[in-house]
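Here the structure is laid out as structure tokens; the discussion comes afterwards.
The values are calculated or read from the model by the stated rules, or taken from the named source; none is laboratory data. None of these values were measured; they are calculated from a predicted model. In this analysis, Cβ positions are derived from the backbone assuming ideal geometry, glycine residues included, and neighbour counts consider all displayed protein chains. Note: areas computed on protein heavy atoms with side chains; ligands, DNA, RNA excluded. Shrake-Rupley method; radii C 1.70, N 1.55, O 1.52, S 1.80 Å.
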Amino acid sequence: MRVGMYLDDQGRSLDAVVAAARDGAKAGFASAWMTQFGGWDALTALAVVGREAPGIEVGTAVVPTYPRHPLVLASQALTVQAAVGNRLTLGIGVSHRPIIEGQFGYSFDRPAAHLREYLSVLVPLLHGESVTHQGASLTAVGAVDVPGGKPPSLLVGALGPAMLRAAGELADGTVTTWTGPATLADHIVPTITRAARAAGRPDPRVVALSFVCVTADADTRREWVAQRFAMVGQLPSYRAVLDREGVDGPGETVILGDEASVERQIRRLASAGVTELVAQPIGSAREQEVTSDLLVALNTPSVG
């Protein structure tokens, strides 16, 4: 299992985000990931990060599908690929009803069907193929030609059975968040792996995002996450995986404890079938430093 870093861009300048990625690359993290929120455009920022932090892979976790037509997203993703020397993983997802309907005004009916249709257009575009598609929710006619941009690895933010089947059949894997080890081992990994094998595809990538902290005060760190991300438990897709895990909220999914405990928890993710952990260290400056050192030390093929 590889270990990557999460680039927190909230309230930070682009220079600060780039500096964090550069430091992570020098430290030995395998990859640097960003989420599409309401600030920096994740793909554009990663084009800068990838050029300023040589060697480290970059990824989105995730870019919402509805606001970006697949012709537009394919063009942008392949442009980033060309800019960073083909080190991009493109993570996409349908997001959540309050965002898609409340902020963007799109219908969120039948999101799994939307995802399948979106992937059926996006995948050939990323591979340089022309598409002529008129479907239930998408019309797409054309192709994208970006010299030097190879098809990026394509992941789907998938948690439920229908989404996982689509990801396994049509993409290269999944990227998860707020998902505990039992749910990964018993639900996420087997569901997407069965779908991939049935479609004749390689075993999928399973990328898991998590907060991590080597700390003597786990209760305080857990409570900070629980309070800051209280709304997570109100979103149906996250509520479903929290219930599967048997936990009340997002604070109970973070990786906390002394070094030995944190290492055990990370190895449990590897044993569950996670192929890459994307970690965001939290806590005091000293806790984050110790946590980062441990994460880099675990970034070896022998983990799990």
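In whole Hz and in residue order, list the ³J(HN,Hα) couplings for segment 33-50 that follow from phi through the Karplus curve 6.51 cos²θ - 1.76 cosθ + 1.60, θ = phi - 60°; x for Gly and Pro.
Working through the residues one at a time gives 10, 10, 10, 7, 10, x, x, 4, 5, 4, 5, 4, 4, 5, 5, 6, 4, x Hz.
Excluding A16 itself, what net charge comes from residues whose Cβ is under 15 Å from its Cβ, given Lys and Arg +1 and Asp and Glu -1?
Around A16, the surrounding residues sum to -3.
Tell me the relative contact order for segment 37-89 as a rounded percent, counting alpha carbon contacts under 8 Å between residues six or more apart.
47
With every protein chain kept in place and ligands, DNA and RNA left out, what is the accessible area per residue of the chain? Probe 1.4 Å, answer in Å².
43
Just to check I understand the Karplus step: with θ = phi - 60° and J = 6.51 cos²θ - 1.76 cosθ + 1.60, what whole-Hz values come out for segment 264-277, glycine and proline as x?
Values per residue, Gly and Pro as x: 4, 5, 5, 5, 5, 5, 4, 5, 6, x, 5, 8, 8, 9 Hz.
Once you place label points 7 Å from the Cα toward the Cβ at A19 and D203, how far apart are they in nm?
4.1
For an R0 of 45 angstrom, estimate the FRET efficiency from the Cβ-Cβ distance between S261 and T132 and round to the nearest 0.05.
Once the sixth-power term is evaluated, E becomes 0.25.
Nothing charged except the Cβ atoms of Lys and Arg (+1) and of Asp and Glu (-1): what's the magnitude of the dipole of segment 25-138 about its Cα centre? Round to the nearest 20 debye.
140
Just name one of A32, T174, P124: the one whose Cα is farthest towards the positive end of the charge dipole of the chain (beta-carbon charges, Lys/Arg +1, Asp/Glu -1).
P124
Ranked from the most accessible area to the least, with a 1.4 Å probe and all protein chains present, what is the order of F229, F37?
Numbers: F229 50, F37 105 Å².
The ranking, largest first, comes out as F37, F229.
Excluding A226 itself, what net charge comes from residues whose Cβ is under 9 Å from its Cβ, given Lys and Arg +1 and Asp and Glu -1?
It works out to a net charge of -1.
Explain nothing, just the number: relative contact order of the chain, from Cα pairs under 8 Å at least 6 residues apart, as a whole percent.
19
Carbon and sulfur: what percent of the chain's accessible surface (1.4 Å probe)? Can you show the working numbers first?
Working: 6690 of 13020 Å².
Of all accessible area on the chain, carbon and sulfur atoms account for 51 percent.
So if I place +1 on the C-beta of Lys and Arg and -1 on the C-beta of Asp and Glu, and nothing else carries charge, what would the dipole magnitude of the chain be about its Cα centre? I want it in debye, nearest 20.
660
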